[in-house]
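The values are calculated or read from the model by the stated rules, or taken from the named source; none is laboratory data. Computed from a predicted structure; not experimentally measured. Counting neighbours? That spans all protein chains shown, and the Cβs are built from the backbone with ideal geometry, glycine included.
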Amino acid sequence: MATARRPDPFVDHLLELMGPLAARIGPITARRMFGGHGLYYDGLMFALVSDGRCWLKTDEQTRARFAAEGGEPFRYSSRGREVTMRHYLSLPAVCLESAEEMTTWARWSVEATLRLANQVG
């Protein structure tokens, strides 16, 4: 018999903080992936969650905002080497305490994700 996976309280907290944004744009969902979670809007992943941290997707228009707040790229090890995903920068700490701040930063990330998904090339 399969055991149900226990919910991740940190992911639940993030989704709760993103509630006001979801109320305006539509559902934001979480899916398990590679030991962490991806957060999705309209089938597109705009955030990574791993080990109690969150990284939001950025693009050329938003990367400087994240970097100015100390955003660090998502890194992981694969086959003995470090891989850096430069499009995903860490969430500013203030977002974990304020739905208003989270709404702003998550909206920027969703917009960046949509722009990147619509690039021709």
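Side notes on the structure shown:
- Look at the range 58-76: where a residue is farther than 13 Å from residue 48 by Cβ and a partner is surrounded by 13 or more Cβ atoms within 10 Å (Cβ to Cβ), sitting 6+ places away or on another chain with Cβ atoms under 6 Å, you get 59/112; 59/115; 59/116; 62/108; 62/112; 66/58; 66/89; 69/92.
- Number of residues in the range 18-71 that are in a loop (DSSP other than H, G, I, E, B), in contact with a His (Cβ under 8 Å, 6 or more places away or on another chain) and crowded, with 18+ Cβ neighbours inside 10 Å: the value is 1.
- Where residue 51 falls short, out of the listed (1) under 15 Å from residue 110 (Cβ atoms); (2) modelled with pLDDT under 95: (1)
- Meets criteria (over 25 Å from residue 118 (Cα atoms) and either surrounded by 14 or more Cβ atoms within 10 Å (Cβ to Cβ) or within 13 Å of the chain's Cα centre (by Cα) (or both)) for residue 100: no
- Test: residue in the range 80-100 that is in contact with an Asp or Glu (Cβ under 9 Å, 6 or more places away or on another chain) and among the charged types (D, E, K, R): no
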